[in-house]
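The values are calculated or read from the model by the stated rules, or taken from the named source; none is laboratory data. A quick note: this is a predicted structure, and the numbers were derived from the prediction, not measured. Counting neighbours? That spans all protein chains shown, and the Cβs are built from the backbone with ideal geometry, glycine included.
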Amino acid sequence: FGASAAHAQPSAPAHATLVLHPDSPSSSLSFSWGASSGGDGRSDFVVQLRELPAAFPSESFAGNSFPPSVSVTSGLSLAAFSGSRLYLGGNDRWVVFADLKSETTYQARVLGEDQEGDQGSWATSAEVTTTASTSTLSRPGAPQSATATAGDASIRVGWAAPSADGGAPVMSYRLRWKFPVAAFAAEDVAVVGASVRAHTITGLRNGEVYDVQIAAGNSEGLGEPAELQATPGGRPNAPAAPTLAAADSAPGTLTVTWSPVSGPVTGYRVRWGKDATSVSWNGSGNGVLAGDESARSYVITGLESGAAYQVQVAAVNAVGTGAWSPSATATSLGAPGAPAAPTAAVGSAAGSLDITWAAPSSNGGSAITGYRVRWGQDAASVAWNASGDGVLAGDQNTLSYGITGLKTGTAYQVQVAAVNARGTGAWSPSATATPQAAQDDADITALRVGGADGITVVTLSPAFSAATTSYAATVATGVTGVLFTADFVGSK
């Protein structure tokens, strides 16, 4: 086996020449050169341009680039930027630098690079100064009111037209973007029409800072750019499950508290629904905006007392609403529900009613501590006793109450309400009853039985006794009527 022959580095390209472009000597230069020999025989070219008195970029090319407003047209193939270098195919022998400054001195240089990456020496042109501009037109100013809004792996750039268009209509806008430590690359560019006022840059890395430029262009070239920074990012992570507490301040409320999520947020949303296998969330599932980035609590109102609710929290950032937290469940506290209509029976005492009832189906989330009873004479608009508050009838075990002192022979409506720590619940439907006068029992002291004509024809067995409650009577044949006579003590 023979050792492979070493090849020489490419030679410096011949005849590197920088001249004024004849069509626009105040803003364009043509740079041309000859072939580069040596190397592996397949040389491409690297071109650099400098604006004096600045130096050419260093060999590492780090942090350097062509001036932002310079545009380049190559001879045959598409030019590609990398840092401050312009790469050209091996058949290219010239480039045109346009949109340069008038009355400014420039210098260009070129080297050959073979297919194995070996580079030759630079060939440097003479210095050339662009002429004074004879046009009354100029480049447009920077776009106004430029904004950069971060999205998920994207940045949305917005702007308004420049305050000055240089005397020539704006024809387009150029956007470009890069990492702060890098140079602008040819592929990270977007050009949009003159009427466009927003553009979304996609395919970016979340969490990375980007420099963004937007510049307006007219017939004289690109103007100064508006410069922005933004950091793309996804939607926020879900918070941990919130903490719920029944609010003592008002029935039907729950106080929600949560811990913040990491990363920048603009606010938090809260949603809730009655506890069920499939929860029907408020706000069509979007809940309500509970506050800005500093919010850590929210009070939900208008809930059904005694009902269990699920509650979730989500963080919001510039991209949108993040994932919802796990649910927390709690029962909204309030006054008890209304009992069913009570039973009202006439009492044994004159002007009294005996009322009984059953506990309500809902205690409002808090144990029942007692019941209230109210009454009033039956009418289209009842005048309830105690200004409608009734009287406390007893504790949680009391399911009956006797009302006295009512007007006999007059119909009354009666209602019952349950009480807990949150207050008196809704009143039951009415029961209606009419108190009566007293009816005392009478004691029989004597009992006499005979025929209707006064002749004794009936025999009692046993003989009368005040303690006896029933008798057998023997009636003579042919008797057609019986007369009972009794002596009483008391009313009858």
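Data table
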item	result
Wholly enclosed strands (runs of 3 or more DSSP E) of the stretch 231-325 bearing at least 1 residues under 27 Å from S154 (Cα atoms) and touching a residue at least 12 places away in the same chain (Cβ under 8 Å)	267-274, 288-292, 308-316
Some residue of the stretch 259-275 being surrounded by 16 or more Cβ atoms within 10 Å (Cβ to Cβ), closer than 30 Å to S366 by Cα and of a type in the set (A, V, I, L, M, F, W, C)	yes
Single unsatisfied condition, G285 versus (1) under 21 Å from A240 (Cβ atoms); (2) buried (at least 22 other Cβ atoms within 10 Å of the Cβ); (3) not acidic (D, E)	(2)
Sole exception among (1) buried (at least 16 other Cβ atoms within 10 Å of the Cβ); (2) farther than 30 Å from A308 by Cβ for A241, by number	(2)
Filter result for R197 (out of contact with any Leu (no Cβ under 8 Å at 6 or more places or on another chain), charged (D, E, K, R), modelled with pLDDT of 90 or more and surrounded by fewer than 21 Cβ atoms within 10 Å (Cβ to Cβ))	yes
Residue ID - nearest to the chain's Cα centre (by Cα), chosen from residues in the stretch 326-336 that are farther than 28 Å from N206 by Cα and either surrounded by fewer than 20 Cβ atoms within 10 Å (Cβ to Cβ) or without any contact (Cβ under 8 Å) to a residue 24 or more places away in the chain (or both)	S327
Among (1) in a strand (DSSP E or B); (2) crowded, with 16+ Cβ neighbours inside 10 Å - the single one E227 does not satisfy	(2)
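For every residue, the table says whether it meets (1) in contact with a Leu (Cβ under 9 Å, 6 or more places away or on another chain); (2) β-branched (V, I, T); (3) crowded, with 16+ Cβ neighbours inside 10 Å.
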| position | (1), (2), (3) |
| --- | --- |
| R139 | yes, no, yes |
| G151 | yes, no, yes |
| A160 | no, no, no |
| V192 | yes, yes, no |
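Per-residue answers, yes or no, for (1) among the aromatic types (F, W, Y); (2) under 30 Å from Y309 (Cβ atoms); (3) modelled with pLDDT of 90 or more:
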residue	(1), (2), (3)
T356	no, no, yes
G376	no, no, yes
A380	no, no, no
Q396	no, yes, yes
G402	no, no, yes
G405	no, no, yes
A411	no, no, yes
Q415	no, yes, yes
